[in-house]
Amino acid sequence: MASRTALPAPTTPDPTAPAGPRVGPLLGALSTVLVVAVVSSLVVPGLADRVLPAGLAVVSAGTGAALLRRIARPGRAGRPWRLLGVALLLVGAGQAVAGVLGVGLNPGRSGPQDLPLVLAVPFVLAGSVALLGGEGPGRWWSRVGSRSWLDAGIVLVAVSVVAAVVVGGALDSSGTAGDPLVAAALPAVGALLAAIGLLTAAVLPAGRRATGSWVTVQWLATAVVAVNGAVAAALDSATLDLLTVVAWAVVLVAVVLGAAADPGPGVPPPRAEAGTQPLSGVLLSWCSASAVGVLLVAGVAAGSPVGLVEGVGALVLLLLTAARSVLWVADGERLTRRLARAEAWFRSLVLDADDVTVVLHRGTRLAWVSDSVQGRLGYGPRELADRAFADLVHPEDAAALSAAVAGEPGPHAFRVRTRAGAWREVEALGGGTDGAAGVEGRVLHLRDVTDRRAAERELQRMAFTDFLTGLPNRARLMAALGVARARAQEGGPASVLLLDLDGFKSVNDVAGHEAGDRLLAEVADELRGLVREPDLVARLGGDEFAVLVRSGLTEAAALAERVVAGLDREHRASAPDGSPDGPVFALSASIGVTELRAEDDVATTLRQADLALRAAKAAGKSCVRSHGDAADAATTRRTRLARDLPQALAAGQLRVDYQPVVGVLERRVLGVEALVRWDHPVLGEVGPDEFVPLAEDDGLIVPLQRWVLDRACGELAALRAGGRDLKLGVNISVRHLQAGCLVADVAQALAASGLPPHRLMIEVTESVLMSEQDRLDSDLQTLHDMGCVVSLDDFGRGYSSFAYLARLPVDVLKMDREFLAGIEHDARGAAVVGSVIALGRQLQIDVVAEGVETPGELAALQELGCRFVQGFLLARPTRAADLAAVVDGFDPEVLRPTERSPSFH
């Protein structure tokens, strides 16, 4: 089985594993006992044969007891160490018997002291096998690669040959044959344990590499004890006895530290070392083989002939080492091929891509740049080598660059300077992490998004610009009002002027819409010249304009008077033949003024300005009225509506009307939108724009919308029972979302009516999106998962509609009426609508055009590919009792294209 070889690296401890026991005091106590035993044997030589075995007995038994009681982990993870603990207790018992008998550490003959040692061997082997077999599935020997088996075999043969040479030489020097158990069995066990230690280091994963290293040290030291014991038994040397003490101390220390460092099986290896074999095994096998060769050569040089055992062992060792060398070369060749193949893949992926790939050394300097940088930025790859990347990035985008280099989730956008000095916008995605696979640095993929960002900005500008006059539109005004309101909360004054042209309808009726459009453009230019530089002029639609003034009510009223005076004059329209001799119209303006207060929201401010405008128009032409002037009548009406609203629901004064939504391709009514109405017994029909804000302010919106959901679902279910395949759209208020019961109310309405969830469309406006983002994400996703359709209503009226499309589960976009006005004559307006339709097609979102009122608008929408339309041209809102007849009687001929296609020129 092939395996890879890598240099060992420091292991990363598992943070979830329990902390290892403290072994410092134990090691100190063991060291003290050994030092006392050695010193006593040196001071009183006659006691050495008793003191040294007794000392080793104490430290061996103490280590074994510590493994059983404190150091070894509980359960299966500590089983190998508990078995080794039992073996140490038996070894300690044998050493104690040797101390009692006074035969010394390395007796020349076997005796009672050897019986516990023989009994300890099975526990040693069982512990080693348990350590090998506790990691991963399958038998442990199936997880040991052929290279590790060869390394272990080389160590086994090398230690055996060394033992044979050394022990044989010692026996020859002593002139005795020696005890076979001592002279042969001990070195054999030592060689076997050394090989087991090497296998352990190979099998244990990188997460237990420290444990494998200590186990290797432990068994190598045990081999030294065994071989030295056989030599000392033949020569009876005090120096060799001390070497036995030192080697056995190393064994005990390695056992203690290995057990303490073992996190147990199942620890994942570090990413950089998964599947690697430690280089120490290869080095140990080759060093041991080299030591045998040196030893045999030295013996021959000294006149000692090579015996049969040594010769056979050396030959076997030579063959094993040759086989290992061949595998080493094969591994190197295979790794070279892998690197070459990986490099070819890398070049295919990176060099042929349009994106620019850079490699940053330590996150600061360019270590490598792909060839595509030449076409994108104008630099040659060598020209950028070792250059600070920050020098190429715009200073204002330093934070984005730092985030990309730090590996934060992207993409990260910043500007990069080209060789010609221009700036290109790029998006950076991280393709690598610092320290991965031992490589320090960061890989970034840079995608040039300059053209895409420019197109997005142009699309956004068009979405916020009135196509006819070039002024900001309603969406831009709403955004500016939001900023002004925030400034008002900090003490900054602001006011709103709402302006309507007097007598403009006669211009369209007499001179035509083209003359009216030219007049609106002239008025827009005049308004720009009449207001102050920081003030914002916007066209809301038709002949209605608004001015956001950065001053208080007094200055705003004075400005309104100047605007009225500036616009109060005669305007000559062009003749049908284009000459300037057209009819003359007396044109003037009425203006309503209100102050933007911090406690009022934007909708309230506009409503106050509209009330003031109505008062101004009621007072006659060329009038200015502030909100305070119109507030009395409006306040009286509002007070009465607020007082009567709680009883309206119980008294049955509310009803639900339905406006059909028509499919252009299907040529029939596909769905209806539920529209709540209030039949007030005194004030007559009250529109939702008046009483829904009151319901929101007075905490009645949740029961109101709960009633609408129940009523609308029930009435649509009745229509569907009659064989009409329809969907239902219901508008949702931000307060209902804030209440946290929307999902439950929808589920209850569906269950009570039996209406399938996919037939209910939840319509949310952009004010909901910007008010409750966290709850919106959760509740809308829940409704979407239930099967309900999610619709974004009045799309384009708010400030940041595009930002929500990628995040929220939106199924339908309903374009605001502001998008549609005049698109049959204006290319820019048609381009905006076409962009929204194309965006919906790309995102697989249906697009509905609201407010379709003229055949020209319908024809333009059909030409642009809009599939779903709604508006007075197709059907007006109707009561539930008449809805079946309206749906069944829909005339598809209204969808027939007009003879003259719309012109966008």
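The values are calculated or read from the model by the stated rules, or taken from the named source; none is laboratory data. None of the values given here were measured: they were computed from a predicted structure. Reconstructed Cβ throughout: ideal geometry from the backbone, glycine too, with neighbour counts over all protein chains shown. With ligands, DNA and RNA removed, areas are computed over all heavy atoms of the protein, side chains included. Shrake-Rupley method; radii C 1.70, N 1.55, O 1.52, S 1.80 Å.
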Checklist entry - Which of the peptides 814-823, 880-889 is most tightly packed, and how do the rest follow, going by the mean number of other Cβ atoms within 10 Å of each residue? => result 814-823, 880-889
Checklist outcome for this item: Going residue by residue through segment 553-566, the Karplus relation 6.51 cos²θ - 1.76 cosθ + 1.60 with θ = phi - 60° gives ³J(HN,Hα) values, rounded to whole Hz and with x marking Gly or Pro, of 5, 5, 5, 5, 5, 5, 4, 4, 5, 5, 5, 4, 5, x
Item to check | Computed FRET value (nearest 0.05) for Ala422 with Thr239, which takes r as the C-beta separation and R₀ as 51 Å | outcome: 0.05
Item to check | Label-to-label distance, nm, for residues given as Ala126 and Asp689 (7 Å Cα→Cβ offset) | outcome: 9.1 nm
Next on the checklist: Placing +1 on the Cβ of each Lys and Arg and -1 on the Cβ of each Asp and Glu in segment 466-641, which of Leu471, Ala598, Ala565 has its Cα farthest towards the positive end of the resulting dipole?
Outcome noted: Ala598
Checklist outcome for this item: Once phi for every residue in segment 602-609 is put through the Karplus expression 6.51 cos²θ - 1.76 cosθ + 1.60 (θ = phi - 60°), the whole-Hz ³J(HN,Hα) values, with Gly and Pro written as x, are 5, 4, 5, 4, 5, 5, 5, 5
Checklist entry - Quick one: ranking Arg724, Arg376 by accessible area, 1.4 Å probe, largest first, what do you get? => result Arg376, Arg724
Item to check | Reach of Lys621 by Cα under 20 Å, taken over aspartates and glutamates that are not fewer than 8 positions away in the same chain | outcome: Asp500, Asp502, Asp509, Glu522, Glu526, Asp543, Glu544, Glu561, Asp568, Glu570, Asp610, Asp629
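Multiply the residue separation of Asp568 and Ala747 by 0.36 nm, subtract the distance between their alpha-carbon atoms, and state the gained length in nm to one decimal.
58.7 nm
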Checklist entry - When the dipole is taken about the Cα centre of segment 466-641, and only Lys, Arg (+1) and Asp, Glu (-1) are charged at their Cβ, what size is it in debye, to the nearest 20? => result 600 debye
Checklist entry - What ranking do 389-397, 557-565, 146-154 get when scored by the average of other Cβ atoms within 10 Å per residue, highest first? => result 146-154, 557-565, 389-397
Checklist entry - Among 379-385, 713-719, how do they line up from the highest to the lowest mean number of other beta-carbon atoms within 10 Å? => result 713-719, 379-385
Checklist outcome for this item: Simple SL model, points at 7 angstrom along Cα→Cβ for Asn508 and Gln738; separation in nm is 3.7 nm
Item to check | Residue among Pro681, Ser778, Val664 farthest towards the positive dipole end of segment 656-890, charges placed on Cβ | outcome: Val664
Checklist entry - Over the heavy atoms of Arg550, what accessible area does a 1.4 Å probe trace out, to the nearest 10 Å²? => result 120 Å²
Checklist entry - What does a probe at Thr782 reach in segment 713-753, counting residues whose amide N is under 12 Å from the point 7 Å along Cα→Cβ? => result 737-748
Item to check | Residues Ala619 and Arg643, FRET efficiency given R0 of 41 Å [Cβ-Cβ distance, rounded to 0.05] | outcome: 0.90
Checklist outcome for this item: Given backbone amide H placed at 1.01 Å from N, residues whose amide H is under 5 Å from that of Arg572, ignoring those fewer than 5 places away on the same chain, are Phe585
Item to check | Contour minus Cα-Cα distance for Phe872 and Val100 (0.36 nm per residue) | outcome: 266.5 nm
Item to check | Candidate lysines - alpha carbon under 28 Å from Lys617, same-chain residues fewer than 8 apart omitted | outcome: Lys505
Checklist outcome for this item: With label points set 7 Å from each Cα along the Cα-to-Cβ direction at Arg461 and Glu544, the distance between them in nm comes to 2.8 nm
Item to check | Spin-label proximity, Arg667 to segment 857-893 - amide N less than 14 Å from point 7 Å beyond Cα toward beta carbon | outcome: 890-893
Checklist entry - Using +1 on the beta carbon of Lys and Arg, -1 on that of Asp and Glu, and nothing else charged, what's the dipole of segment 441-480 about the Cα centre, debye to 20? => result 180 debye
Item to check | Positive-end extreme of charge dipole, segment 353-455 - chosen from Val416, Val358, Tyr379 (charges on Cβ) | outcome: Tyr379
Checklist entry - Full extension from Arg453 to Ala323: what is 0.36 nm times the residue separation minus their Cα-Cα distance, to one decimal in nm? => result 40.6 nm
Item to check | Exposure rank, largest accessible area first [Phe467, Phe872, Phe123; 1.4 Å] | outcome: Phe872, Phe123, Phe467
Item to check | Reachable lysines, given that their alpha-carbon falls under 21 Å from the alpha-carbon of Lys814 and they are not under 8 places away in the same chain | outcome: Lys727
Item to check | Size of electric dipole in segment 609-750: Cβ of Lys, Arg +1 and of Asp, Glu -1, about Cα centre, debye, nearest 20 | outcome: 320 debye
Checklist entry - For the pair Ala586 and Arg879, what calculated FRET efficiency results from E = 1/(1 + (r/R0)^6), where r is the Cβ-Cβ distance and R0 = 45 Å, to the nearest 0.05? => result 0.60
